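*Asks:* Just dropping this structure here.
Read the figures in this text as sums done on the coordinates, not as results from a lab. Not measured: the values here are computed from a predicted model. Cβ sites come from the backbone with ideal geometry, for glycine too, and all protein chains shown count toward neighbours.
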Amino acid sequence: MEEPRDAKQLRLIVLSDQVLFRTSLARLLATVSGFGAVQECGTFGEALEYIHVSPVDIVLFDLTEGGQRASDFISAARSAGYEGRFLVMAEAVETQALATTLKLGASGVFRKSEAPDRLVLAIRLIAAGAVWVDHRIIQMLSGIEPPNQVGNRKSALGERESKVIFGIMQGLTTKKIGVTMGLSESQVKNILQGLFAKTGVRKRSQLVRLALEGSIGTDWAKREVQAS
């Protein structure tokens with residue numbers, strides 16, 4: 001996926017109770033062109049206080065911060081009037097915790113083992129309105145299997161529709177999805193428009209959310225995740 005151009009000066013919070021991780025990440029992000037203020041916060045309370053007095057575009061937080069639930073922080077931040085985005089920094093976490101966090105409005109889940117340039121890309125894409133979820137995390141969350149590994153399971157969507165959604169969830173462009181499917185870019189666009197009409201959404205990111213929530217049928221087995 002290509003990086004969006006002309007990104008504005010983004011204002012960020014790095015939220016983690018791990019001082020070395022938090023400080024190192026904040027210093028790294030502060031050197032990135034297009035990123036403005038990068039605030040460090042060690043607790044949910046500190047982050048909420050900062051959000052109350054300063055504008056913030058994206059909060060990057062460790063899902064295991066302080067043993068508290070990220071879903072609690074998202075709910076509290078929204079109640080406090082925060083309209084920005086959230087990016088979860090995850091490693092070995094519980095499936096239900098991740099799914100609940102995404103359902104409550106997190107714009108992405110980033111694996112800590114990924115390279116720094118991937119994190120920068122994820123931040124910019126989220127700022128532009130996209131959803132960032134590593135395909136390995138998608139598989140963990142939804143029990144997703146690549147279409148060519150699925151048997152003859154029944155689906156509410158056709159095979160091509162399911163493959164297009166899978167490509168979107170992997171972060172592929174329309175052109176690259178076409179290449180993997182042996183279709184032209186215009187054919188993929190037509191399938192995508194059909195998906196928009198069928199689901200009632202208008203954005204690729206909204207399709208991703210519906211798939212993660214199990215709200216649309218695909219050629220993959222899904223587990224129903226209940227918010228705790």
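*Asks:* Could you pull out the pairs from K112/K198; K112/K175; K103/K189; K176/K198; K112/K189 whose alpha carbons sit more than 25 Å apart here?
*Replies:* Long pairs (Cα-Cα over 25 Å): K112/K198; K112/K175; K103/K189; K112/K189.
*Asks:* Could I ask something else about it? Which order do the peptides 28-38, 121-131 take when ranked by the mean count of other beta-carbon atoms within 10 Å per residue, highest first?
*Replies:* Taking the mean over residues of other Cβ atoms within 10 Å, the ranking is 121-131, 28-38.
*Asks:* Give me the net charge of M181's neighbourhood, meaning all other residues with Cβ under 10 Å from the Cβ of M181; Lys, Arg count +1, Asp, Glu -1.
*Replies:* Net local charge, M181 excluded: +2.
*Asks:* On to the next question. Could you pull out every residue, at least 5 positions away or on a different chain, whose amide H is within less than 5 Å of the one on E40? Hs are placed 1.01 Å off N in the peptide plane, and Pro or chain starts have none.
*Replies:* Placed amide hydrogens put V14 under 5 Å from E40.
*Asks:* Now for a different question. Using R₀ = 22 Å, calculate the FRET efficiency as 1/(1 + (r/R₀)^6) where r is the Cβ-Cβ separation of R27 and K176; round to 0.05. Don't jump to the answer; show the numbers that get you there.
*Replies:* Numbers: r = 34 Å, r/R0 = 1.54.
Efficiency computed from Cβ-Cβ geometry: 0.05.
*Asks:* Report ³J(HN,Hα) in whole Hz for each residue of segment 118-124, in order, from the Karplus equation J = 6.51 cos²θ - 1.76 cosθ + 1.60 where θ = phi - 60°; Gly and Pro get x.
*Replies:* Result, rounded to whole Hz: 5, 5, 4, 4, 4, 4, 5.
*Asks:* Between D17 and S79, how many nm apart are label points set 7 Å from Cα along the C-beta direction?
*Replies:* 2.0
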